[in-house]
Structure formats: C-alpha cells, structure tokens
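Here's the structure, in structure tokens; my notes come after.
The values are calculated or read from the model by the stated rules, or taken from the named source; none is laboratory data. Computed from a predicted structure; not experimentally measured. Quick reminder, even Gly has a Cβ in these numbers, built from the backbone with ideal geometry, and neighbours come from all protein chains shown.
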Amino acid sequence: MSKEYSEPIADIAKDFLDKDEWNYRFLEDEGMFRFGLKLEEPSAIIDSVMDIGNIFIMNYTWLRDMTADPGDEEMLKEMEEFVCKINFGMHNGCFEFDPVTGDIRFRSFIDCEETLPSSSVIKNAVYVSFSMMRKYTPGILGILTKEMDAEEAFNICEAERDFR
C-alpha cells in the first residue's frame, strides 16, 4: 500500500536535492528521500530521511549503526540527560531518543499546510539537521563508548557553539 503525499512538495524537495548535488534515492511508495554524508572526524556516517506528507516535510538524521544499548540503564540515563540538555533552548528542530530501541536522531519539521516551501526553506531544514548531528556526534559517541557522562559530553559539544 502506497502512502499519500504531496507531489508538488516532493518536486520542490527533489529540485533542492538535485541542485545541491545530493546523492539520494526517492522511495516513491513511501514518499521519502534517503540520503546521507560521511564525517571524517569523528568517523561516522549520518543518514537522513526526508518524509514528504500532504501538508508537511519531516527530516530525520541519525548516526548509522550507532544506538544506545537498551539493556544498559546507566547509558540510557546519560543519553536521556544529554538529549535533554542539548534540546533546551534549541530553536530549530530537536533531538529524539528512544530508550526502548536506543535510537538517537535529530528531527526538523516544515509546515506546508498553507503554502509550498521554497528550496531555501528545505535546504535550511536539511542543513540544520546535519549540522546538529555533526556538532553533537562527539558527545553521542562519548556516551556510547562510556568515555563521557552527559555533562562532559554536553560541555565538549557546546564549547564549539556555532548555532542552534
């Protein structure tokens, strides 16, 4: 069964991805674009899904193959605290953490109910998502490897504060 989505919104998203030279796949039955990038330092791959709806775009980014251990209560506690700290005061988007699966992701949202978004609005949502994942990856990895607690991870990531 195919998901309903706005073709005009999908066309604008595709236009942005093409013009910006992203390597992507469009899953037509799901109304989703899949793409990503590789970080050199720290070494990680960030995956992204742009979910096109009838009146919205949701963009999710996450670190490939990196999740918290749902059986490690201390790690879950540290990741929950870290995510709460980084989300406080965030202007555009937010981190989500599922302690049941260990998934950690960043979500940005574009409301398209009254108007179609421009390419620059879509670009902003995508780049904010990747920028936030890049900025907070050292802290996420520090907690996953148990080299840092939430406070230390937060302070290290915030030391290079560029924008939120």
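Annotations
- Restricting the range 21-64 to residues that are assigned to a loop (DSSP other than H, G, I, E, B), of a type in the set (Gly, Ala, Ser) and at pLDDT 95 or above, the residue that is surrounded by the fewest Cβ atoms within 10 Å (Cβ to Cβ): 53
- Lone qualifier among 45, 55 - being closer than 19 Å to residue 109 by Cα and either in contact with a Ser or Thr (Cβ under 9 Å, 6 or more places away or on another chain) or without any contact (Cβ under 8 Å) to a residue 60 or more places away in the chain (or both): 55
- Residue in the range 12-68 that is nearest to the chain's Cα centre (by Cα), counting only those that are over 24 Å from residue 114 (Cβ atoms) and among the polar types (S, T, N, Q): 61
- Of all residues in the range 67-116, those that are more than 14 Å from residue 142 (Cα to Cα), in contact with a helix residue (DSSP H, G or I) (Cβ under 7 Å, 6 or more places away or on another chain) and in a helix (DSSP H, G or I) total 2.
- Residues located in the range 117-137, provided they are part of a helix (DSSP H, G or I), more than 26 Å from residue 152 (Cα to Cα) and touching a helix residue (DSSP H, G or I) at 6+ places or on another chain (Cβ under 7 Å): 119, 122, 123
- Single condition residue 77 does not satisfy, out of (1) surrounded by 16 or more Cβ atoms within 10 Å (Cβ to Cβ); (2) over 11 Å from the mean Cα position of the chain (by Cα); (3) at pLDDT 95 or above: (1)
- Restricting 111, 149 to residues that are among the charged types (D, E, K, R) and within 18 Å of residue 99 (Cα to Cα) narrows the list to 149.
- Residues that are crowded, with 17+ Cβ neighbours inside 10 Å, without any contact (Cβ under 8 Å) to a residue 40 or more places away in the chain and closer than 11 Å to residue 62 by Cα, drawn from the range 89-140: 97
- Test for residue 158: is it out of contact with any strand residue (DSSP E or B) (no Cβ under 7 Å at 6 or more places or on another chain), assigned to a helix (DSSP H, G or I) and at pLDDT 95 or above: no
- Just one of the listed residues (12, 46, 55) is hydrophobic (A, V, I, L, M, F, W, C) and under 16 Å from residue 131 (Cβ atoms), and it is 46.
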